[in-house]
Structures are given as structure tokens and as C-alpha cells.
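Engineer: This is the structure, below, for whatever I ask next.
The values are calculated or read from the model by the stated rules, or taken from the named source; none is laboratory data. Everything numeric here is computed off the predicted structure, so don't read it as measured data. FYI the Cβ positions are ideal-geometry reconstructions off the backbone, even for glycines, and counts take in every protein chain you see.
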Amino acid sequence: MPLPPLSESAIILGADAADWREAVRLAGRALVASGAARPGYADEMIRMIDEHGPYVVIAPGLALAHARPGPEVLADGLAVVTLATPVAFGHPHNDPVSVVLGLAISSVSAHLESIAELANVFNDSSAIADLAAAKTADEVMRIMGSSE
Amino acid sequence: MKIVAICGAGIGSSGILKVNAERVLKRLGLEADVTAAHLGSLLTDSADAQIILTSAEFVDAIGKTFADVIVIENYFDTDELSRKLEAALG
């Protein structure tokens, strides 16, 4: 199963975010722009982190913002936000974050195989730095394997 | 053997842990059933698990368990996973 779709409208490069909440909001906005989520999804992603801590920072420099499937999700989708200035999420090892992925998933069962594709992208240890340095949406799509 | 990967939502980070744990186990020549779960389903999913993979944030919430709780820092670093799984299984 391929990754959830990543469209150009869900890519925001070199954004300014004052803190992690703003960074996650940008990922939410990108998911709204691509039609994957309603505006309230950003609040749900933030609530997950408020509730459980910064565990979404799953690798150095990379946050995988997401919430559970629900009414705020319209379709499976992925967003990529890169930050002009990295922000801290409060993670003990992986701060600061320069790349925020937003993930919206409409059902849990269909989902685990597409996550395997994310692992394929990021098990390449240069992928996070390459994304952070990307200047165009095309570059991002290439790194994410969405343009092949 | 049963291994459970735990995160807050049970879809994103635990899914990645599951996928990479399966890869590492295969590389090590070990067989295990790896499940992705969230805190809400932890009790039922991990009742007979030998190993729980998770982030530091969830260790307190997981609480008392017979399973070995392994904390993973970089979910994409299969060497870290391999090292920690081998140590727990060895």
C-alpha cells in the first residue's frame, strides 16, 4: 500500500513557527488545504501532544503529528512542513524539530501498511536533513517517494 | 513471542515501531508477533506480551507489567532497535 497521498498543496516550506503548537497548526492547515482534514484536526493533534507529551518527535529533528481517525478526518493524507527556525517540542533526545509531518488517517486498519512506506523513506538517515533543506515542493515529493 | 508497540494514538509512531521491529527481528532470525496499539487498548493487547516497545513518555502510563519495556529514542534507527531487542531477548 502506498503512502497516504501527499499533494503540493500539503507542502509548506521554510515556515515561521514561534513554538511547537504553531508548527503543528501549520501541519493542520496543510492537511486542510489538501482536503484531508477539517480545521479542528489541528486541535486534535495538539491535544495528543498535550495529553501524552512530545512522543511524536520520533527521530532527531522530525515530528509526526497525528491524531486518531475521527470526524475531523476527511481522507487519508500526509502533509510536510519545514521550519525556517527549528522549534523545541520538549523531547529529551530529538529536539529541535525542523520537519513536521502531518498525518490524517480515516481508518486504523487500512493504515499500518502505508506507515510501512514512511519507515522506508525515513530509515534512510539522510531523509530528514534532505527534507529540511528542500527548496521546492518537487524536491519534497521526490524525497517522500511521491513522484515516482 | 509477542511484542507490542505502544503510542498515544496507535496509528502513527507505534505503526512505525511495528514495521521496523519486524524488519529487525527478521534480520536477527527471530520470530515474533508484533502488534501496534495505543494506551487505551494496552491492557488487552499486552496481557501476554513479552516485550513492549514505546517512547519514554509512556513508561509511567504503562505502569506495572510482566513485559520488558524497551524505550526507543529514534524510531527510524534500526540499529538502536536491533541493539535493544537483542539485549532484551539475549
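Engineer: Among the residues of the stretch A:57-90 satisfying the criterion of being farther than 15 Å from A:Asp19 by Cα and of a type in the set (Val, Ile, Thr), which is farthest from the chain's Cα centre (by Cα)?
Structural biologist: A:Val73
Engineer: Would you point out the residue of the stretch B:1-18, among those that are in a strand (DSSP E or B) and buried (at least 21 other Cβ atoms within 10 Å of the Cβ), that is nearest to the other protein chains (Cβ to nearest Cβ)?
Structural biologist: For the stretch B:1-18, the residue satisfying everything is B:Cys7.
Engineer: Considering every residue within the stretch A:101-116, establish whether at least one is small (Gly, Ala, Ser), in a strand (DSSP E or B) and at pLDDT 95 or above.
Structural biologist: yes
Engineer: Can you name every residue in the stretch B:19-38 that is in contact (Cβ under 8 Å) with a residue 24 or more places away in the chain and facing another protein chain (nearest Cβ under 7 Å)?
Structural biologist: Within the stretch B:19-38, B:Asn20, B:Ala36 meet the criteria.
Engineer: Does the stretch B:57-90 hold any residues that are without any contact (Cβ under 8 Å) to a residue 24 or more places away in the chain, out of contact with any helix residue (DSSP H, G or I) (no Cβ under 8 Å at 6 or more places or on another chain) and not polar (S, T, N, Q), and which are they?
Structural biologist: Within the stretch B:57-90, B:Val59, B:Asp60, B:Gly63, B:Lys64, B:Phe66, B:Asp77, B:Asp79, B:Glu80, B:Arg83, B:Lys84, B:Ala87, B:Gly90 meet the criteria.
Engineer: Considering only residues that are surrounded by 18 or more Cβ atoms within 10 Å (Cβ to Cβ) and within 20 Å of A:Pro54 (Cβ to Cβ), look in the stretch B:57-68 and name the one that is farthest from the other protein chains (Cβ to nearest Cβ).
Structural biologist: B:Phe58
Engineer: Report yes if some residue within the stretch A:86-97 is crowded, with 24+ Cβ neighbours inside 10 Å and either in a helix (DSSP H, G or I) or modelled with pLDDT of 95 or more (or both); otherwise report no.
Structural biologist: There is at least one residue in the stretch A:86-97 that is crowded, with 24+ Cβ neighbours inside 10 Å and either in a helix (DSSP H, G or I) or modelled with pLDDT of 95 or more (or both).
Engineer: Do you know which residues across the stretch A:21-41 are among the β-branched types (Val, Ile, Thr) and either crowded, with 24+ Cβ neighbours inside 10 Å or not in a helix (DSSP H, G or I) (or both)?
Structural biologist: Passing the criteria: only A:Val24.
Engineer: Follow-up question, since we're still on this one. Which one of the conditions (1) within 14 Å of another protein chain (Cβ to nearest Cβ); (2) under 22 Å from A:Arg68 (Cα atoms) does B:Asp79 fail to meet, given that it meets all the rest?
Structural biologist: For B:Asp79, the failing item is (2).
Engineer: Okay, next question. Let me confirm something: among A:Ala104, A:Ala37, A:Ala18, which residue is touching a residue at least 24 places away in the same chain (Cβ under 8 Å) and under 22 Å from A:Ile143 (Cα atoms)?
Structural biologist: From the options A:Ala104, A:Ala37, A:Ala18, the qualifying one is A:Ala104.
Engineer: What residue, among those in the stretch B:39-56 that are buried (at least 21 other Cβ atoms within 10 Å of the Cβ) and modelled with pLDDT of 85 or more, is nearest to the other protein chains (Cβ to nearest Cβ)?
Structural biologist: B:Ser55
Engineer: Next question. Please go through (1) more than 9 Å from chain B (Cβ to nearest Cβ); (2) over 22 Å from A:Ala30 (Cβ atoms) for A:Val100 and return the number of the only condition it doesn't satisfy.
Structural biologist: (2)
Engineer: Please find, among A:Pro60, A:Pro54, A:Pro71, the residue that is away from chain B (no Cβ under 14 Å), touching a residue at least 12 places away in the same chain (Cβ under 8 Å) and farther than 17 Å from A:Leu3 by Cα.
Structural biologist: One residue alone meets the criteria, A:Pro71.
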